[in-house]
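Please see the structure below; I have some questions.
What follows draws every value from the coordinates through simple rules; no lab data is involved. These figures come from a predicted structure and were not determined experimentally. We place every Cβ from the backbone using ideal geometry, glycine too, and count neighbours over all the protein chains shown.
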Amino acid sequence: MNAVTSPVANPGASRMTGTPAVDMRDICISFGGIRAVDGVSVDLYPGEVVGLLGHNGAGKSTLIKILAGAYRPDAGEIRINGEKADIGNPRDAKRYGIETIYQTLALADNVDAAANLFLGRELMTPWGTLDDVAMEAATREVMGRLNPNFRKFKEPVRGLSGGQRQSVAIARAIHFNAKILIMDEPTAALGPQETAQVAELIKQLKAEGIAIFLISHDIHDVFDLADRVSVMKNGKLVGTARTSDVTKDEVLGMIILGKSPPGALAGPGAAAD
Amino acid sequence: MTDTTTTTPAPASRASGSAPAAAPASFIGALEIDVRFLGMLGALAVIWVVFDFLAGGTFLTARNLWNLSVQSSSIAVMSTGMVLVIVMRHIDLSVGSILGVTGMIMAVFQVNYLLPTFGFNHPAVIVLTLAAGIGIGAAIGALHGFVIAYLGVPAFIVTLGGLLVWRGAAWAVAEGKTIPLVDDNFKLLGGGANGSVGEMWSWVIAVIACLAIAFAAVQARRQRQRFHFPLKPVWAEFTLVISGCLAVIAATLVVNAYTLPPALARRYAEAAGLTVPPEGLSISFGYAIPVLVAVAVGIVMTFVTTRTRFGRYVFAIGGNPEAAELAGINTRRVTLAVFALMGALAAIGAAISTARLNSATNAQGTLDELYVIAAAVIGGTSLAGGSGTIVGAMVGALVMQSLQSGMVLMRVDTPYQNIVVGIVLVVAVWIDTVYRKRIK
């Protein structure tokens, strides 16, 4: 088969210049003999939104959990701002400015919004006790920016709606000045109005120069927000494309058939035609 | 019309980004007390009144209530640790056996090593006995925690093994012999006439407690003012502080109303070189030392669970272990620490109960694990994890002990006592389950 000449220059490359905020190269991880992520390379620049797409079980969540420090990769290299990064646990990831909003929201249901926001990074009084009042004040401030109607500061987050829980999860990420934000299905649990709110927020964060990975199995969630998309299938990278170079149907073809279109840079997982 | 009369607060005009919540409508809402805790106190009051009626007025006497407080101490101390264990979705079946083995070790250590070294009633004896007991209890708990957290064996199995191992170890320490305690200072931990602080000190403690309650209320209010948070109405603050103080005063009146029997009082007065007035002496017991120990443990444990990072992590892990892990909490280390703490508290329980019996036996603490778990669960600790309070568990311990001593006063035989306690446990948890579903 002859190599197809791409209709666009440098397919799949970012329009941003400089050093990528995140550069994951040839990442592999296996669970019980199954290669959940197999030689995947993705990159992400400051102020850019990259959508990571694929079916359920394609390996997207596993890939970003490696970046977030929840799993250690079997092979591959992660560079943060051009420097090789050793991310062994979630605390390491946070030190690199990587904040993650998980699909499951990862909130402790039995404690209030402030306790969740500061979980693992509590504010302390000079006597070494929890400064709950200061934490609540900070929570009121950040929530006032994200979701001005939020009132349930004293309640366990169990009592919150999906959108309110989502805003607590996002508040946690932005309060700590994330440089790199990973959002796993950020709108999965939300109604249309709340989804629009989250989209607005993503644009705002992007304008502030934050690098954002947006993970979804639904192309409609991300296509309009993302600058580029990387598609995974069966643990492998099908390809990466700028959203301006490909159509939604072509991306859908990547997700379903694993077929890399001419506007995309094909990865190792692309189906041969 | 001026700005101040507008009903909606101006947004973002102050440090807090969002407006304060509307004033709570109900009386109890304004007081900000847990309804379930009130319900538990109500249940306790009902139990007391019913037993007093059934047992012909022998239950609500100063003497019985004083005994009740002493009998509850050991279980109450251990139940505070069990709350944390259960909040983290674990269980500890070994506390009774840890109590047995640490009590035995403390007695043997004291009699065979400390007494010959330091001599009779030397203050170092009680200090070193307690240090050894608590240290060994913590080490046993830490061992359980290590196997649970790092080797991944379920807590149920590890502590079931511990139940057998440490009961056997308690026998092995002195080959089944009963070891009588000798140190008089240590015996004070068991209560009794000597192990109580007397009338004057009881009032001193009561005054300090009332001042502490008022101080805590003022402090909390100041903190909230600092960040312009909605405040409780002043009448609610006063209601809470005054009812807290009244409870303290009532308890003090009760323990002071229990006096030494005349014969003992005369002997006590003679020993102290006092002249006995013709109408007889009235010497009050006052608060028993084990009760004060239990209250102190309760205060420290409440502080640990609500004001420290460790306590926050315990609850977060109980609520969602995965979220806690992803937030960067070292869940294994916290698990190990919780079991070590449980072991240390079992050793304190051992000190109280061996001192109360004046001796250590290898059967001591048998079935205590079940009373401790029952106290925590009756006290509102959810076996699903993530919720529970220290004060609730301690009231739970009091409920369990009230049932038992009430039935003793009614001359109910032990097998029937067990039947009642078992049924009450199940019914209490069922009511709690129904309540929890309702508020959802």
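Using a Cα-Cα cut-off of under 16 Å, which lysines could be cross-linked to residue A:259, ignoring same-chain neighbours fewer than 8 residues away?
A:233, A:236, A:248
Have a look at A:119, A:53, A:181 and tell me which one the Gaussian network model of chain A (Cα, springs below 10 Å) gives the largest fluctuation.
Top of the fluctuation ranking is A:119.
Compute the FRET efficiency between residue B:257 and residue A:123 as 1/(1 + (r/R0)^6), taking r as their Cβ-Cβ distance and R0 = 35 Å, and round to the nearest 0.05.
Working from the Cβ atoms, E equals 0.15.
Under a crude label model (7 Å from the Cα following the beta-carbon direction), how far is residue A:247 from residue B:46 in nanometres?
Computed distance between label sites residue A:247 and residue B:46 equals 7.1 nm.
Would you please report the Å³ per residue occupied by the convex hull of the alpha carbon atoms in the stretch B:54-105?
128 Å³
Evaluate the relative contact order of chain B (contact order divided by residue number), counting alpha-carbon pairs under 8 angstrom at least 6 apart; express in whole percent.
Once normalised by length, the contact order is 32 percent.
Okay, next question. Once you place label points 7 Å from the Cα toward the Cβ at residue B:194 and residue A:19, how far apart are they in nm?
7.4 nm
Please sort through the DSSP H helices of chain B and keep those with an alpha-carbon extent of at least 18 Å along the long axis and a Kyte-Doolittle average not below 1.0.
B:35-54, B:62-87, B:95-109, B:123-150, B:155-174, B:234-257, B:289-307, B:331-357, B:390-409
Out of the stretch B:75-139, which chymotrypsin sites (Phe, Trp or Tyr not before Pro) are coil in DSSP terms and have no more than 10 other C-beta atoms within 10 Å?
Counting only loop positions with at most 10 other Cβ atoms within 10 Å, the chymotrypsin sites (Phe, Trp or Tyr not before Pro) in the stretch B:75-139 are B:120.
Counting helices only, and only those DSSP H runs with n ≥ 4, report the 222 nm mean residue ellipticity of the protein assembly as shown as the sum of -39,500 (n - 2.57) divided by its residues, in deg cm²/dmol to the nearest 500.
Rounded to the nearest 500, the figure is -17500 deg cm²/dmol.
Next question. Take the eigenvalues of the Cα gyration tensor for the protein assembly as shown, scale each by 5, and report the square roots as semi-axes in whole Å, largest first.
60, 30, 21
Is the C-alpha gyration tensor of chain A telling us rounded, prolate or oblate? Criteria: a/c under 1.5 is rounded; beyond that, a/b larger than b/c is prolate, otherwise oblate.
Prolate, since a/c reaches 1.5 and a/b exceeds b/c.
I've got another one for you. Would you be so kind as to identify which of A:62, B:213, B:76 lies farthest towards the positive end of the dipole of the protein assembly as shown, taking Lys and Arg as +1 and Asp and Glu as -1 on Cβ and the Cα centre as origin?
B:213
When Cβ neighbours within 10 Å are restricted to other protein chains, what is their mean count per residue of peptide A:84-93?
2
Rounded, prolate or oblate: which one fits the stretch B:41-173, using the alpha carbon gyration tensor with axes a ≥ b ≥ c (rounded when a/c is under 1.5, else prolate when a/b beats b/c, else oblate)?
Note, shape of the stretch B:41-173 comes out oblate.
Longest exposed-loop-site-free stretch of chain A, with chymotrypsin sites (Phe, Trp or Tyr not before Pro), DSSP loop and at most 15 other Cβ within 10 Å?
Free of exposed loop sites, the longest segment is A:1-126.
Which value in nm describes the separation of the simple spin-label points at residue A:8 and residue B:272, placed 7 Å from the Cα toward the beta carbon?
Using points 7 Å along Cα→Cβ, the separation is 9.3 nm.
Relative contact order of the stretch B:189-297, please, whole-number percent, based on alpha carbon pairs below 8 angstrom and at least 6 residues apart.
46 percent
Another question, then. What percent of all Cα-Cα pairs in chain B falls in each 20 Å bin, counting up from 0?
Result returned by the calculation: 22, 54, 21, 3, 0.
Evaluate the stretch B:261-392: find the radius of gyration of its Cα atoms, find its Kirkwood radius, and give the ratio Rg to Rh.
Across the stretch B:261-392, the Cα-based Rg/Rh ratio is 1.18.
Right, here's the next one. For the protein assembly as shown, give me the percentage of DSSP beta bridges that are antiparallel, rounded to the nearest 5 percent.
Antiparallel: roughly 60 percent of the beta bridges in the protein assembly as shown.
Something else now. Can you pull out the GluC sites (Glu not before Pro) in the stretch B:188-280 that DSSP calls coil and that have at most 13 other Cβ atoms within 10 Å?
B:279
Enumerate the residues in the stretch A:210-239 having an amide nitrogen under 15 Å from the point lying 7 Å beyond the Cα of residue A:256 toward its Cβ.
A:218-220
Moving on. Local charge sum around residue A:183 (other residues, Cβ-Cβ under 11 Å, Lys/Arg +1, Asp/Glu -1)?
-4
Which net charge results when you count Lys and Arg as +1 and Asp and Glu as -1 among the other residues whose beta-carbon is under 15 Å from that of residue B:339?
Neighbourhood net charge equals +1.
Once you average over the residues of A:134-147, how many Cβ atoms of partner chains fall within 10 Å of each Cβ?
4
Work out how far the C-alpha atoms of the stretch A:107-249 reach from end to end along every principal axis, then list the three figures in whole Å, largest first.
56, 30, 29
Also, I was wondering about something else. Per the protein assembly as shown: cysteines with no other Cys C-beta under 4.7 angstrom?
Result for the protein assembly as shown is A:28, no neighbouring Cys Cβ within the cutoff.
Starting from the stretch B:109-188, pick out the trypsin sites (Lys or Arg not before Pro) whose DSSP state is loop and whose Cβ has at most 16 other Cβ atoms within 10 Å.
When the trypsin sites (Lys or Arg not before Pro) of the stretch B:109-188 are filtered for loop state and at most 16 Cβ neighbours within 10 Å, B:177 remain.
Also, I was wondering about something else. Work out how far the C-alpha atoms of the stretch B:144-219 reach from end to end along every principal axis, then list the three figures in whole Å, largest first.
The Cα atoms of the stretch B:144-219 stretch 48, 40, 14 Å along the principal axes, largest first.
Right, next: Label the stretch A:112-187 by shape, choosing from rounded, prolate and oblate, from the square roots a ≥ b ≥ c of the eigenvalues of the Cα gyration tensor; if a/c is under 1.5 it is rounded, and otherwise prolate applies when a/b is larger than b/c, oblate when it is not.
oblate
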